Amino acid sequence: MNILFASSEAAPFIKTGGLADVAGSLPKALAALGHDIRVILPLYEGIGPEWRSQMEHLFHFHATLAWRKPYCGIFQLKRDGVTYYFVDNEYYFKRSGIYGHYDDAERFAFLCRAVVELPTHLDWHPDVIHANDWQTALVPIYLLEERERVPQLHGTKSVFTIHNIEYQGRYGRELIEDVFGLDGSYFHEHMLAFHGDVDLMKGAVYACDYLTTVSPSYADELRYPFYAHGLEGVIADNRHKLCGILNGIDMDLYDPSSDPGLAAPFSADDLTGKAACKAALQQAVGLRQDPDIPIVACVSRLVKHKGFEMVAASIHEIMAMDVQMVVLGTGEWGFEEAFRQAQAMYPGRFSANILYSASLSTAVYGGADLFLMPSIAEPCGLSQMIAMRYGTLPVVRETGGLRDSVRPYGTEGANGFSFADINAHDMTWVLREAVNLYHDDKPAWKALQHSAMTADFSWKQSARDYLQVYQWATGLPLPQEESASPAAETAPEPDAPAVETSVSAEPAEAPAPKRGRSTGRKSGGRKGRSGR
């Protein structure tokens with residue numbers, strides 16, 4: 001199958017978040033299954049010379065963007081069986097950052113035009129164009145017309161993946177013709193119109209042939225206002241083509257037995273080296289050297305929707321436990337300051353590292369014992385999977401991909417700890433459970449570590465699930481060995497009353513989590529899904 005994967009970023013070339021990890025790993029997994037997968041993304045200034053030196057200039061053309069005819073250069077790089085196309089236009093992409101510019105609407109509309117016009121110049125027919133998030137949301141919309149006009153796009157189907165519905169690409173109505181080059185007839189309730197504005201993600205949801213999210217639980221959650229940021233009705237309207245597929249991680253990249261960033265290697269069957277990693281982490285971040293005290297870690301953007309309001313409110317309760325804590329990341333000033341103050345109050349026990357550091361994050365994953373990730377909403381999350389790969393047990397809130405990847409202690413196949421409600425007391429209750437297990441039951445702790453480290457979070461099965469979606473879209477047959485997981489074997493029905501694939505049936509009531517008071521239980525009550 002010929003697949004063109006459109007993304008605004010892709011690892012290892014340029015990265016700001018999880019989208020880049022997906023664009024860097026999923027195509028590689030698809031290529032390993034024997035498919036012709038090609039990735040297209042902008043040639044940003046931030047893409048370094050180590051990659052530029054490997055690129056080959058193929059050609060250039062002038063894209064059609066409303067009344068403009070901007071230059072569009074195409075550079076090619078082949079890696080791990082995947083062909084990468086980099087879209088060159090210095091006016092749009094020679095910037096200090098890749099997002100947050102005054103003309104982002106025009107910049108990414110240009111990228112979308114490059115995506116749909118590229119096959120013409122390659123004389124290559126993509127069976128599927130897979131677009132991701134609002135930056136490439138115009139691709140399924142442009143394809144509605146282009147596949148009727150351009151021979152290389154005849155019969156091409158579109159798949160659109162929502163990585164985070166909070167960012168929708170919402171702009172003023174006046175941009176629809178002058179910037180996006182679309183006829184005014186696209187401005188209606190079943191396409192781009194949204195409360196008087198243009199909403200690019202909404203348009204893509206209606207225009208695409210199939211719609212996916214990055215975890216089954218997130219697909220389920222998007223039907224409710226708490227998670228959908230105004231698009232719950234749009235999701236409900238398109239539930240017949242919605243499928244949730246859990247992201248994976250690069251199991252070779254995140255391998256504690258061979259990771260050069262660790263102080264010592266270790267594995268699920270031999271954890272000896274993790275003690276050296278713990279000592280190295282304590283030294284690196286200024287924690288007291290103590291091999292017997294558990295280290296609680298957070299590696300994240302320090303923002304409200306990641307649950308840091310709960311963490312900041314619970315610092316003293318957490319530090320009352322027999323633990324050390326390390327925080328790595330940047331974000332909202334209030335959270336940064338709360339963690340700086342905690343470091344001053346608990347010297348040698350609390351370490352606030354208000355920065356981004358890839359090398360230090362590796363040291364944290366490898367040396368910590370518990371990984372705290374109490375997200376209010378988390379479409380998929382990769383950090384909890386990486387932490388488990390390194391034997392650092394996650395403590396998460398049951399939402400999105402966290403719910404799908406972390407099985408709480410006390411249940412079958414447990415690999416971590418979890419709690420349900422948005423409540424700081426519930427979070428600390430379960431965290432205390434985890435700390436007590438660390439101190440009081442070493443065999444159970446090591447069994448939990450082994451389960452976490454041996455869990456399969458690779459892209460192998462997820463890639464097969466995506467291939468199943470592509471097959472539903474195109475009708476092209478897949479080899480028998482590429483069949484999807486049982487959760488994705490049945491295609492969504494055109495008139496299905498609810499999401500049918502990889503998503504549970506619609507509950508009687510919306511699952512929006514509670515924000516209420518603590519129940520006041522002192523003992524015996526079950527705050528999370530710990531199986532107690």
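Each reported figure results from applying straightforward, stated rules to the coordinates on display, with no laboratory input. What you see is a predicted model; the values in this text were computed from it and never measured. Here the Cβ positions follow ideal geometry from the backbone for every residue, glycine too, while neighbour counts run over all protein chains shown.
Hey, any idea what Rg/Rh is for the chain, computing Rh the Kirkwood way over Cα pairs?
Numbers: Rg = 23.6 Å, Rh = 24.2 Å.
Taking Rg over the Kirkwood Rh, I get 0.97.
Between residue 236 and residue 16, what is the label-point separation in nm under the 7 Å Cα-to-beta-carbon projection?
3.2
Over the alpha carbons of the range 75-160, what is the largest minus smallest coordinate on each principal axis, giving the biggest first in Å?
Principal axes ranked by extent give 38, 30, 20 Å for the Cα atoms.
Helix 18-32 versus the longest principal axis of the chain: what is the Cα-based angle in degrees, 0 to 90, to the nearest 10?
Result, in degrees: 70.
Which order do the peptides 10-17, 359-366, 184-191, 323-330 take when ranked by the mean count of other beta-carbon atoms within 10 Å per residue, highest first?
Working: 10-17: 18.8, 359-366: 21.4, 184-191: 13.4, 323-330: 23.4.
Top to bottom by mean Cβ count within 10 Å: 323-330, 359-366, 10-17, 184-191.
Can you work out D for the range 254-312 in µm² s⁻¹ from Stokes-Einstein, where Rh is the Kirkwood radius over C-alpha pairs, the temperature is 20 °C and the viscosity is 1.002 mPa s?
160
Please determine, in degrees from 0 to 90 and to the nearest 10, the orientation of helix 358-367 with respect to the longest principal axis defined by the Cα atoms of the chain, where the helix direction is its Cα long axis.
With both axes taken from Cα atoms, the answer is about 40 degrees.
Before anything else, pin down the relative contact order of the range 227-315: Cα pairs under 8 Å, at least 6 apart, normalised by residue count, whole percent.
Reported relative contact order: 11 percent.
Leaving out same-chain residues fewer than 8 places away, which aspartates and glutamates sit with a Cα under 13 Å from that of residue 15?
Straight-distance partners of residue 15: 45.
What's the whole-number percent of alpha carbon pairs in the range 1-140 lying beyond 18 angstrom?
Roughly 51 percent, once rounded to a whole number.
Can you say what percent of the DSSP beta bridges in the chain, counting only those with both residues inside, are antiparallel? Round to 5.
30
Output the pairs from 278/446; 94/202; 202/460; 274/442; 69/202; 78/241 with a Cα-Cα distance over 25 Å in this structure; if there are none, say none.
From 278/446; 94/202; 202/460; 274/442; 69/202; 78/241, over 25 Å: 94/202; 202/460; 69/202; 78/241.
Taking 7 Å along the Cα-to-C-beta vector as the label spot, tell me the residue 358-residue 442 distance in nanometres, rounded to one decimal.
In this crude spin-label approximation the distance works out to 3.7 nm.
Roughly how large, in nm² to one decimal, is the mean projection of the convex hull of the alpha-carbon atoms in the range 18-61?
Over every viewing direction, the Cα hull of the range 18-61 projects on average to 4.3 nm².
Using R₀ = 22 Å, calculate the FRET efficiency as 1/(1 + (r/R₀)^6) where r is the Cβ-Cβ separation of residue 258 and residue 32; round to 0.05.
Efficiency for this residue pair is about 0.70.
Å³ per residue of the Cα convex hull, for the range 218-293?
So the per-residue hull volume is 183 Å³.
Which of rounded, prolate or oblate describes the range 223-346 when judged by the alpha-carbon gyration tensor and an a/c cut-off of 1.5?
Because a/c hits 1.5 or more and a/b fails to exceed b/c, the range 223-346 counts as oblate.
Just to be sure I understand the model, the point goes 7 Å from the Cα along the line to the Cβ. What's the resulting residue 173 to residue 412 distance in nm?
5.5
When Rg is the radius of gyration of the Cα atoms in the range 175-233 and Rh is its Kirkwood radius, what does Rg/Rh come to?
Working: Rg = 12.9 Å, Rh = 12.6 Å.
Checking Rg against Rh, the ratio lands at 1.03.
Can you work out the FRET efficiency for the pair residue 58 and residue 320, with r the C-beta to C-beta distance and R0 = 60 Å, to the nearest 0.05?
So the FRET efficiency works out to roughly 0.45.
Want the number for residue 185 to residue 283: 0.36 nm per residue separation, take away the alpha-carbon distance, what's left?
That works out to 29.0 nm of additional length.
Counting alpha carbon pairs within less than 8 Å and at least 6 residues apart, what relative contact order, in whole percent, applies to the chain? Don't skip to the answer; put the middle values down first.
Details: 1079 pairs, mean separation 68.0, N = 532.
The normalised contact order for the chain reaches 13 percent.
How far, in nm, would the chain grow between residue 275 and residue 69 when pulled straight, counting 0.36 nm per residue and subtracting the alpha carbon separation?
68.2 nm
Suppose only helical runs count, i.e. DSSP H with n ≥ 4. What mean residue ellipticity at 222 nm does that imply for the chain under -39500 (n - 2.57) per run, divided by all residues and rounded to the nearest 500 deg cm²/dmol? Kindly include the intermediate steps, with their values, before the conclusion.
On the way: 20 runs with 188 residues, N = 532.
Helix-only estimate at 222 nm: -10000 deg cm²/dmol.
Based on the alpha-carbon gyration tensor of the range 141-216 and its eigenvalue square roots a ≥ b ≥ c, which shape applies: rounded if a/c is under 1.5, prolate if not and a/b is larger than b/c, or oblate? Could you put the intermediate results ahead of the total?
Values: a/c = 2.28, a/b = 1.06, b/c = 2.16.
Note, shape of the range 141-216 comes out oblate.
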